[in-house]
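Encoded as structure tokens, the structure appears first; notes follow it.
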Amino acid sequence: MLSYWEKQSLLHYHYIVLGSGIVGLSAAISIKEQQPQASVLVLERALLPTGASTKNAGFACIGSLTEILADLQTLSPAEVTALVAMRRKGLHMLRQRLGDEHIHYREQGSYELISTRELPALEQLDAVNDLLQPVLGGNAFTLVNEKMASFGFDSSFTQALVQNNYEGELHTGHMMRTLIDLAIAKGVEIKTGCTAVRMEETPTGVHVITQQTNPQEEIVFHTGKLAICTNAFTQALLPQLDLQPGRGQVLITDPVPGLPFKGIFHMDEGYFYFRELEGRVLFGGGRNLDLTGETTTAFELNDHIQQVLEEKLRTIILPGRSFTIAGRWTGIMAFGASKQPLLKPFSSRVFLGVRMGGMGVAIGSEVAQQLAQMMIEGAES
């Protein structure tokens, strides 16, 4: 039922990007910065970006001490430093592109609560600092036990406090709003509520087949190069990839009178995380409590994990303080056998920028920049 005009003028693009999250929008922006005259379309399956880009806690992080030590159990020191370097570079690119004032970037302290079972990690603090010093230019971690009492955490749980000297926080909503506005200002076209159901490569490009519900029909877009930036939802198109979804549970309180801390905080190898936000506490994580159940793309609450979050909030983070829960939500991340993102050509015309490993805020801009460069170089070859 498409008109002649629609077929002639509204379906053909030099570049199409699937996914309007951090990576997808940033890749589209990077393409337009290098090729201003190119037509670039971003297709998003939902009305709002779907996944983790608008659901995350707003941590501008490179990794906690225990998380880095856990990585060193499965990765080489060179691989770990490369990951930290990518996070550091990506955060710098995000801040430079959008501006700290627009994303409400702040450095009010980043800390990790060290429990009794994690105390041995402190013996390796200096070694980790030495490992990361060439990347960061200084010590990543500092022991700051003198701050514990003022934060008011449960002293029976918190045996030590480690400060990360290279992390900050941002406002996720303002970040995504600014990315969208910048993409539009650069001439990127964004269509939401548009699910890509399959793709077909041709000798001259790629057909991207999308499903429309009213009327019920398929609409086919045509592009010379296609970028897939759908992260956890990528297996719907490419089920053979080493990529599994990982759901994250989050809650946020109403403002807590006299809240004694600011900044961002990690616990348990990064599996739990919390922050102060306008006098509230945003608390998330717990995926490790039900890895099988949380390997899903369903945006549903896990009652057990939500109960654990509330219990930790009550006993560890806000002992002796009353609070009420203002809201709960989930976000869907993507993981694989490797912590490295899947950033590579899938074919000569289709390119992948997925599997952010829960670090999309940190690495998304750098992944997108490299992805855009791959596509442009492929288009010019």
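The values are calculated or read from the model by the stated rules, or taken from the named source; none is laboratory data. What you see is a predicted model; the values in this text were computed from it and never measured. Glycine also receives a Cβ, built like all others from the backbone with ideal geometry; neighbour counts cover every protein chain displayed. The accessibility values were calculated without ligands, DNA or RNA, using every heavy atom of the protein model including side chains. Shrake-Rupley method; radii C 1.70, N 1.55, O 1.52, S 1.80 Å.
Pairs only if they're at least six apart or on different chains, beta carbon under 8 angstrom, first in segment 7-28 and within 15 Å of Pro341 (Cα to Cα) and touching a residue at least 12 places away in the same chain (Cβ under 8 Å), second open to solvent by less than 10 Å² (accessible area, probe 1.4 Å) and of a type in the set (Ser, Thr, Tyr); list them, first residue then second.
Note: pairs meeting the criteria are Ile22/Ser365.
In segment 178-218, what count of residues is obtained for those that are open to solvent by less than 20 Å² (accessible area, probe 1.4 Å), aliphatic (A, V, I, L, M) and either over 25 Å from Pro341 (Cα atoms) or not in a loop (DSSP other than H, G, I, E, B) (or both)?
Qualifying residue count for the region: 5.
Cβ-Cβ distance below 9 Å, separation of 6 or more or different chains: which pairs start in segment 88-100 with a residue that is part of a helix (DSSP H, G or I) and end on one that is open to solvent by 80 Å² or more (accessible area, probe 1.4 Å)?
Asp100/Arg106
Among the candidates Gln73, Gln133, single out the residue that is in a helix (DSSP H, G or I) and of a type in the set (S, T, N, Q).
Answer to the selection: Gln133.
For a quick check of your reading of the model, give me the residue pairs whose first member lies in segment 277-300 and is on the phi > 0 side of the Ramachandran plot, whose second is open to solvent by 30 Å² or more (accessible area, probe 1.4 Å) and assigned to a strand (DSSP E or B), with beta-carbon atoms closer than 7 Å and at least 6 apart or on different chains.
Filtered contacts from segment 277-300: Gly285/Tyr273.
So which of Ser347, Ser365 ends up being among the polar types (S, T, N, Q), surrounded by fewer than 20 Cβ atoms within 10 Å (Cβ to Cβ), modelled with pLDDT of 95 or more and within 30 Å of Gln35 (Cβ to Cβ)?
Details: Ser365 fails: surrounded by fewer than 20 Cβ atoms within 10 Å (Cβ to Cβ).
Step by step, each of Ser347, Ser365 is checked, and only Ser347 is among the polar types (S, T, N, Q), surrounded by fewer than 20 Cβ atoms within 10 Å (Cβ to Cβ), modelled with pLDDT of 95 or more and within 30 Å of Gln35 (Cβ to Cβ).
Take Met175 and tell me if it is surrounded by 13 or more Cβ atoms within 10 Å (Cβ to Cβ) and out of contact with any strand residue (DSSP E or B) (no Cβ under 8 Å at 6 or more places or on another chain).
Working: surrounded by 13 or more Cβ atoms within 10 Å (Cβ to Cβ): yes; out of contact with any strand residue (DSSP E or B) (no Cβ under 8 Å at 6 or more places or on another chain): yes.
The answer is yes for Met175.
Checking the conditions here, which among Phe261, Phe274 is open to solvent by less than 10 Å² (accessible area, probe 1.4 Å), not in a strand (DSSP E or B) and not β-branched (Val, Ile, Thr)?
Going through Phe261, Phe274 in turn, the sole match is Phe261.
Considering (1) in a strand (DSSP E or B); (2) surrounded by 21 or more Cβ atoms within 10 Å (Cβ to Cβ), say which one Ile305 fails and leave the rest.
(1)
Residue under question is Gln37, and the condition is that it be part of a loop (DSSP other than H, G, I, E, B) and more than 27 Å from Val220 (Cα to Cα); does it hold? Even if it seems obvious, please write down each step before you answer.
On the way: part of a loop (DSSP other than H, G, I, E, B): yes; more than 27 Å from Val220 (Cα to Cα): no.
So Gln37 does not fit the description; no.
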